[in-house]
1. Please verify whether the range 176-188 includes one or more residues that are in contact with a Pro (Cβ under 8 Å, 6 or more places away or on another chain), modelled with pLDDT of 95 or more and in a loop (DSSP other than H, G, I, E, B).
2. Of the residues that make up the range 240-253, is at least one surrounded by fewer than 18 Cβ atoms within 10 Å (Cβ to Cβ), within 22 Å of residue 164 (Cα to Cα) and among the aromatic types (Phe, Trp, Tyr)?
3. Would you check which residues across the range 239-259 are more than 28 Å from residue 329 (Cβ to Cβ) and either within 23 Å of the chain's Cα centre (by Cα) or touching a residue at least 24 places away in the same chain (Cβ under 8 Å) (or both) and list them?
4. Which members of the range 159-193 meet the condition of being hydrophobic (A, V, I, L, M, F, W, C), surrounded by 22 or more Cβ atoms within 10 Å (Cβ to Cβ) and in contact with a Leu (Cβ under 8 Å, 6 or more places away or on another chain)?
5. Do we have any residue at all in the range 14-27 that's over 21 Å from the mean Cα position of the chain (by Cα) and closer than 18 Å to residue 302 by Cα?
6. Given the residues 84, 93, 10, 63, which is the only one that is among the charged types (D, E, K, R) and over 27 Å from residue 330 (Cβ atoms)?
7. How do the pairs read when you match residues in the range 124-136 that are among the hydroxyl-bearing types (Ser, Thr, Tyr) with residues anywhere that are not in a helix (DSSP H, G or I), using Cβ under 6 Å and keeping only pairs 6 or more apart or on different chains?
Amino acid sequence: MTTSHRPPLRLAAIGIDHGHVFDHVRGLTAAGAEFVGYCPDSTVPGLVEQLARAYPDARPQPRQALLDDPQIDIISICAVPSQRAGLAMQAMRAGKDTIVDKPGVTTFEQLEAVQRTVRETGRIYSVCFSERLCVPSAVHAGERVAAGEIGRVIQTIGLGPHRKGRARPDWFWRMEDVGGILVDIASHQIDQFLHYTGAATAEVQASAVGNFGTPEHPRFEDYGEVLLHAPQGRGYVRVDWFTPDGLPTWGDGRLTILGTEGYIELRKYIDIAGRSGGNHLFISNRDGTRHIPCEGLPLPYFAALARDVHERTETAMSQRHVFEVCRLSLQAQQQARRLGALEAAA
């Protein structure tokens, strides 16, 4: 949180093409920032209208005016995925810190350019991996792991199902715009693997992408999987676009963290046919088996990021972690075996 001797951070948004912009704005304003402006250019005009209704005091302005404003401290970027790196580099060159929706990059060339920009400008490039940082049960799981309640973590299994929906912008279906399913979605689970195991780096031992149920978009990837290895442990990731219409949320996101003395399972968004609401944490260890409701617990990432902007530190997320998640996602995508309709089209 901001203190009395510090002026509040001033936040602006450019590239409003994904609803995660609301996570950024809510989180940083709760940490004391002022949301002062946004660029209304968007491929999803409805998002801009929602943002304007939710934050009527924020002014719509041209993108360059926001970048040129010396009073703006941090820029939120939730643009078309392939455009995020370029916009972030513009913002950093303009003296702004950045909070970027995942995926932060869609090519190795973008990753190299962003790393160079961070080195040359000293600005913050933080990718908000929302399935950990914006999910109270995932935050609490990290606290339980750090407290040693399940011993040493030796494996994670991360499942990230999503619903395709029927009103998607054209870029959603183009893999060159989203980077592929492993870059776009599996970056969440790769972030979680590194975080919970404490690994600084990892190897992609196997990966695959497929098109099994989207014949109208034959190049679209509706399935992906990754097998990770690090000295600290192993990780398996499965992501897909097969959430059924009958499920009352966009995806039944799950995470299992296996330790040497117990395990944790998260049902992040729904306990299917079970307890109501989301953010369910189940832990089984030497003390027994418990269900811990986590809805409403704090999300410390945003307050930590605000402090980092003020103090030029890396407490919310290290740049090394950001870049390693990006690298592993790109590597998994690059070497992925192609399945289903993708195999036939190869």
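The values are calculated or read from the model by the stated rules, or taken from the named source; none is laboratory data. Just so we're clear, the structure is a prediction, and the values are computed from it rather than from any experiment. Note that we place each Cβ from the backbone using ideal geometry, even for glycine, and neighbour counts take in every protein chain shown.
1. In the first step, residues of the range 176-188 are kept if they are in contact with a Pro (Cβ under 8 Å, 6 or more places away or on another chain); the result is 177-179, 183-184, 187.
Subset that is modelled with pLDDT of 95 or more: 177-179, 183-184, 187.
This time we only want the ones that are in a loop (DSSP other than H, G, I, E, B), so: 179.
Among the residues of the range 176-188, at least one is in contact with a Pro (Cβ under 8 Å, 6 or more places away or on another chain), modelled with pLDDT of 95 or more and in a loop (DSSP other than H, G, I, E, B), which makes the answer yes.
2. yes
3. Filtering the range 239-259 for residues more than 28 Å from residue 329 (Cβ to Cβ) gives 245-246, 248.
Selection gives 245, 248.
4. Those that are hydrophobic (A, V, I, L, M, F, W, C), surrounded by 22 or more Cβ atoms within 10 Å (Cβ to Cβ) and in contact with a Leu (Cβ under 8 Å, 6 or more places away or on another chain): 183, 190, 193.
5. No.
6. Going through 84, 93, 10, 63 in turn, just one is among the charged types (D, E, K, R) and over 27 Å from residue 330 (Cβ atoms): 10.
7. Partner pairs satisfying both residue conditions: 125/98; 126/99; 126/317; 130/20.
Conditions tested, residue by residue: (1) closer than 14 Å to residue 10 by Cα; (2) of a type outside the set (Val, Ile, Thr); (3) in a loop (DSSP other than H, G, I, E, B).
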| residue | (1), (2), (3) |
| --- | --- |
| 23 | no, yes, no |
| 26 | yes, yes, no |
| 32 | yes, yes, yes |
| 35 | yes, yes, no |
| 40 | no, yes, yes |
| 52 | no, yes, no |
| 71 | yes, yes, yes |
| 82 | no, yes, no |
